[in-house]
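What follows is a short report on a single structure.
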Amino acid sequence: MMTGIRRCSITVALLTFGGLIVVLFGIWLLGTIFWLHKPPSTEPHRPPPPAVAKSPNGTWLQPESCSQIPEAWRFDCYPERGAVVTEEMCHARNCCFIQRSQAKTSGRNGVPWCFYTPDCSSYELVSITDTEMGKVGKLLRNKKTYYPKDIDALQMEVLYEEDNRLRVKITDPAEKRYEVPIDVPVVQKKASNPSYTVDFIKEPFGLIVKRTQTGTVLLNTSIAPLFYADQFLQMSTSLPSRFIYGLGEHRSNFLHDVQWKTLTMWARDVPPMELTNLYGVHPFYLSMESDGMAHGFFMLNSNAMDVALQPAPALTWRMIGGILDFYIFLGPDPSSVIAQYLDVVGKPAMPIFWALGYHLCRWGYKSSDKTWNVVKEMRNYGIPQDVQWNDIDYMDHALDFTYDTVNFSSLPDLVKDLHRHDQHYVMILDPGISSSQLPGSYWPFDEGMKRGIFINDSNGDVWPGLTAFPDFSNPDTHEWWYQNLKRFHEKVPFDGVWIDMNEPSNFFDGSLNGCPDNELENPPYTPGILGGTLKTKTVCASARQKISTHYNIHSLYGLMEAKATERYRPFVISRSTFPSQGKYSGHWLGDNRSQWKDLATSIPGMLTFNILGIPLIGADICGFGGSTTEELCVRWTQLGAFYPFSRNHNSIDEQEPTAFSPAARTAMKEAILLRYSLFPHLYTLFHHAHISGHTVATPLLFQFPNDEKTYGIDKQFLLGKSLLVTPVLEAGQDYVVGYFPKGLWYDFHTVSHTSLETLLEIHNSLTAPKDKINLHLREGSVIPTQRPNTTLWVSSGQPLHLIVSLSEDGLAKGDLFWDDGETLDTYEKDQYAYIYFTVEQNTMTSEVLHNHEEATYITVETVSFYGVKTEPENVTVNSQEAAFTYRNNQVI
């Protein structure tokens, strides 16, 4: 009996086990069939989530997967500046800790020791629905972060605004948060044929944007967790390549270094230096892709922020307020990206014609008579000059809207004399208004107090002593500012305004009365700001302004002041800038020094601001701080002749062209005359910047996006599309090495030409005597020039000389925009002439595409054709035979 029972039990067990196998196999088979029919996931591969382990004492244990994360893909979990991160501190944030023995510190500008785990908690996308403009989603956070005041529920709007433009807004649906108050397009209709696809990862939440044509990933936020607390917002993305540009204002190469560099943005008065937040804030970047295509990204946020670059390549945004509101521009070429960005923030204004002349300034003329003597010396030597400036030494005790009636008593007469000679005058203004004058003695302060236009408790200290700062976010301030400009113009009829110190700059940290000890002054996270606090050398972050706290709108101060100033005078140069600034002002690169390094770094600065939509840009020629040398000043004047905004400015020392030897003076004069001869071309370039968002000073990669050798070039640049400038940037050099992309290039001075298709080496060593800057003309161009004179008003009345550089197949094209030089907004008012030139089949055609009275004043005196391979038998102009000469260098 016992044996029989045992056999029966074994049989039942085998049958049960077999049945279980069949059931499991069936479940597996059904699951496989379901999986095979399931649409493919867009979620990128991620390592399996490690099991959360605890040590016996309850502390967090580091998962083994931490060591599997490559260094380049480690995202900083402890970005606080100056923190010496320990393993305990890192594990308290549930993050990986691996100390690099060769590194002294973690984090900023180095491989982080403390970094996120692959499964770090973030938001979950709990719903996504279609809308008329795209999609709307709901995000939920289920676990608190280590920053206070997490916003647990978020709303995400994905707006398909244009075929080449996507906008994403992530906001708090429960409470309105601060948003940047600049005008951007409000689109009512969804893009019909977008060039991008948008995918989502539900948990942890990720947003992936791809270029439809190539599949290139332009944005992938799934690589690191999303943070959205009241005073800490963080979002990371991969980059398609290491070629990234923009992210101003910083002193750096044009091409940013992605080897663990953190760029901080918070407007600050500081002479340009590397890895430091400078005068302006521009959270926009241009990124090149592997196939020569390009895209752009704009984070519409004005709060203090860090932008961390790492070699993955990847980028992390960290902001201490506002919302996540960003745009992606699909290009597909670099020039189109910039045009699309400017469609959002606004295209630059068309400068008044004399703004493109040569400007002179010095801090330290000390009297109007000395200023006047400099002008007279320039005239005596026949050196072109359109604009004379004065720094704060013209003021009465550094008070805005005054002038020193003792040392600058002849200032009104000087300005009248400038006007009689078709020249112009620009003065400096600082925003700080003296608050220590006797009541009733200083109208700007008295009237400002009466109108209540100053920032609350903004007791600062600037050049005139104790000051109050106007609140330019208040429309009443604009009217008060306008009245001040008008009253002063009645005494000194200035033509333009230079607005300086408008970060705003303060010699105190905060206020004379101190700043409150609160979360705005001491946020949970402070970006890597020079000085370590938000109030350093500016007003208190908690100071209340009309539309928000200074904490939110600090970096908008220069933009708002420029907007108020431009109402009265069309020419404004501002030190502090923000996106859309180009609509109201130009910019100069700040308080540089008279050093060769500063000469060289002016080119990447100029190129960066051209892609940021502020083409009226230049550096102080010969340097502001310190003493220049004759050689440096000659070379700088040669380069500065091709700055879109060309101004010689110095502190105290004399460095006008008239202050040097006859040989140096002649070299500088020739460089400035060359600029004046190119004025018709330069004016036309600014027209295209104004209506189409083109660059004026152009990086080579914009014209040669398929030539990766151009991606890092910032010692050469193009003026427009056709003139290649190769300056000398080092002392004691009589040659310079330049890169010439594939094609035909003509030496502008000698008209010799080289076809670089036949050369093995295209990094050419060019002779560069001290009286010459290398300038080459690209094939296929028509450049309008004029006989130069000492002012642009006189030059602009001269007949045209057209320079035509033929391509190998005999083609060329170019254009000319022309107006009266005085009327503003001539394009919008339809008061301009536009002429288009083409050359093909040995025939040049000039076509008036837009006619105006101004066109009747334009005459063409001569035309030079470069690259005519054989001498023609005759030349006709409008069917009439014309005299011509043919030279051995293939020029008619």
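Which FRET efficiency value, to the nearest 0.05, is calculated for ALA883 and SER692 with the Förster distance at 51 angstrom and r the Cβ-Cβ distance?
The computed FRET efficiency comes out at 0.85.
Quick check: residue separation of LYS742 and LYS149 times 0.36 nm, minus the Cα distance between them. What number comes out in nm?
207.8 nm
For LYS491, which aspartates and glutamates qualify as cross-link partners when the Cα separation must be under 18 Å and same-chain residues fewer than eight apart are set aside?
ASP369, ASP391, ASP393, ASP396, ASP400, ASP404, ASP413, ASP417
Leaving out ligands and nucleic acids, note down the accessible area per residue over region 714-891 with a 1.4 angstrom probe, in whole Å².
Result: 53 Å² per residue.
Only Cα pairs under 8 Å and at least 6 apart count here; give the relative contact order of the chain as a rounded whole percent.
Contact order relative to length: 9 percent.
Between the helical axis of 475-489 and the dominant principal axis of the chain, each derived from Cα atoms, what acute angle in degrees is found, rounded to the nearest 10?
So the inclination is approximately 20 degrees.
What are the GluC sites (Glu not before Pro) within region 429-504 that DSSP puts in a loop, where the Cβ has at most 11 other Cβ atoms within 10 Å?
Within region 429-504, the qualifying GluC sites (Glu not before Pro) (loop, at most 11 other Cβ atoms within 10 Å) are GLU490.
Calculate the spin-label point distance for GLU71 paired with LYS450, positioning each point 7 Å from the Cα along the beta-carbon direction, and give it in nanometres.
Once both label points are built, they end up 6.7 nm from each other.
Can you give the helix-only mean residue ellipticity at 222 nm for the chain, where every DSSP H stretch with n ≥ 4 adds -39500 (n - 2.57) and the sum goes over all residues, rounded to the nearest 500 deg cm²/dmol?
It lands at -6000 deg cm²/dmol.
Could you tell me which of rounded, prolate or oblate describes region 319-399, using a ≥ b ≥ c as the square roots of the eigenvalues of the alpha-carbon gyration tensor, with rounded for a/c under 1.5 and, failing that, prolate when a/b is larger than b/c and oblate otherwise?
Verdict is oblate for region 319-399.
If the cut-off is 23 Å between C-alpha atoms, which lysines fall inside it for LYS813, apart from same-chain ones fewer than 8 positions away?
Excluding near neighbours in sequence, the set is LYS721, LYS742, LYS869.
Relative to the longest principal axis of the C-alpha atoms of the chain, give the angle of the C-alpha long axis of helix 630-640, reported between 0 and 90° and rounded to the nearest 10°.
The answer is roughly 70 degrees.
Nearest 10 degrees, 0 to 90: what angle lies between the long axis of helix 679-692 and the longest principal axis of the chain (Cα atoms)?
So the helix axis and the longest Cα principal axis differ by about 30 degrees.
Using the Cα centre as the reference, give the magnitude of the dipole from point charges on the C-beta atoms of region 123-345 (Lys, Arg: +1; Asp, Glu: -1; all else neutral), rounded to the nearest 20 debye.
Rounded to the nearest 20 debye, it is 400 debye.
Work out the length of the dipole vector of the chain about its Cα centre, built from +1 on the beta-carbon of each Lys and Arg and -1 on the beta-carbon of each Asp and Glu, and round it to the nearest 20 debye.
Roughly 2680 debye for the chain.
Separation between the GLU654 and ASP734 pseudo-spin-labels, each 7 Å from Cα along Cα→Cβ, expressed in nm?
Placing both labels 7 Å beyond Cα along the Cβ direction yields 2.9 nm.
Going down the table (LYS715/LYS770; LYS486/LYS829; LYS169/LYS347; LYS138/LYS583), which pairs top 29 Å between alpha carbons?
Over 29 Å apart, Cα to Cα: LYS138/LYS583.
For region 153-164, in order, what is each residue's ³J(HN,Hα) by Karplus, 6.51 cos²θ - 1.76 cosθ + 1.60 with θ = phi - 60°, in whole Hz (x at glycine and Pro)?
10, 10, 10, 10, 10, 10, 10, 7, 6, 9, 4, 10
Would you mind pulling out the separation of the Cα centroids of region 153-174 and region 669-723, in Å?
36
In whole Å, how far is the Cα centre of region 371-386 from that of region 327-342?
43
Can you tell me the length gained on complete extension of the stretch ASN142 to THR405, counting 0.36 nm per residue apart and subtracting the Cα distance?
Stretched fully, the ASN142-THR405 segment lengthens by 87.8 nm.
Just report the Cα centroid separation between region 551-606 and region 802-836, whole Å.
28
Sort largest first and round to whole Å: the equivalent ellipsoid semi-axes of region 232-343, each the square root of five times a Cα gyration tensor eigenvalue.
21, 16, 14
Say R0 is 56 Å: what FRET efficiency, to the nearest 0.05, do ASP809 and GLU175 get from their beta-carbon distance?
0.30
In nm, what is the difference between 0.36 nm times the number of residues separating LYS491 and GLU88 and their Cα-Cα distance?
Gain on stretching LYS491 to GLU88: 138.3 nm.
Let's test the formula: R0 of 35 Å, r as the Cβ-Cβ distance of VAL848 and ASP707. What FRET efficiency results, to the nearest 0.05?
The computed FRET efficiency comes out at 0.45.
Going through region 109-175, which chymotrypsin sites (Phe, Trp or Tyr not before Pro) have at most 15 other Cβ atoms within 10 Å and a DSSP loop state?
Of the chymotrypsin sites (Phe, Trp or Tyr not before Pro), the ones in loops of region 109-175 whose Cβ has at most 15 other Cβ atoms within 10 Å are TYR146.
Report the paramagnetic label zone for ASN193: residues of region 151-169 whose backbone N is under 14 Å from a point 7 Å from Cα along the Cα-to-Cβ axis.
Residues 163-164 qualify, since their backbone N sits under 14 Å from the label point.
Give the aspartates and glutamates whose C-alpha is closer than 19 Å to that of LYS772, dropping any in the same chain fewer than 8 places away, or say none.
Straight-distance partners of LYS772: GLU630, GLU631, GLU656, GLU670, GLU730, ASP734, ASP747.
At 7 Å along the Cα-to-beta-carbon direction for both THR862 and ARG81, put a label point, then send me their distance in nm to one decimal.
Computed distance between label sites THR862 and ARG81 equals 5.8 nm.
Tell me which of LEU239, MET427, PHE115 sits at the most positive position along the dipole axis of the chain, charges placed on C-beta atoms (Lys, Arg +1; Asp, Glu -1).
So the residue we want is PHE115.
Using +1 at the Cβ of each Lys and Arg and -1 at the Cβ of each Asp and Glu in the chain, identify which of GLY452, GLY867, THR658 lies farthest towards the dipole's positive end.
GLY452
Report the accessible area of SER627, computed with a 1.4 Å probe over the heavy atoms of all protein chains in place, in Å² rounded to the nearest 10.
For SER627, the solvent-accessible surface is approximately 80 Å².
Assign one of three labels to region 372-462, namely rounded, prolate or oblate, based on the Cα gyration tensor with a ≥ b ≥ c the square roots of its eigenvalues; rounded applies when a/c is under 1.5, prolate when it is not and a/b is larger than b/c, and oblate otherwise.
prolate
The values are calculated or read from the model by the stated rules, or taken from the named source; none is laboratory data. The model shown is predicted, which means the values in this text are computed figures rather than measured ones. In this analysis, Cβ positions are derived from the backbone assuming ideal geometry, glycine residues included, and neighbour counts consider all displayed protein chains. These area figures cover heavy atoms from the full protein model, side chains too; ligands, DNA and RNA do not enter into them. Shrake-Rupley method; radii C 1.70, N 1.55, O 1.52, S 1.80 Å.
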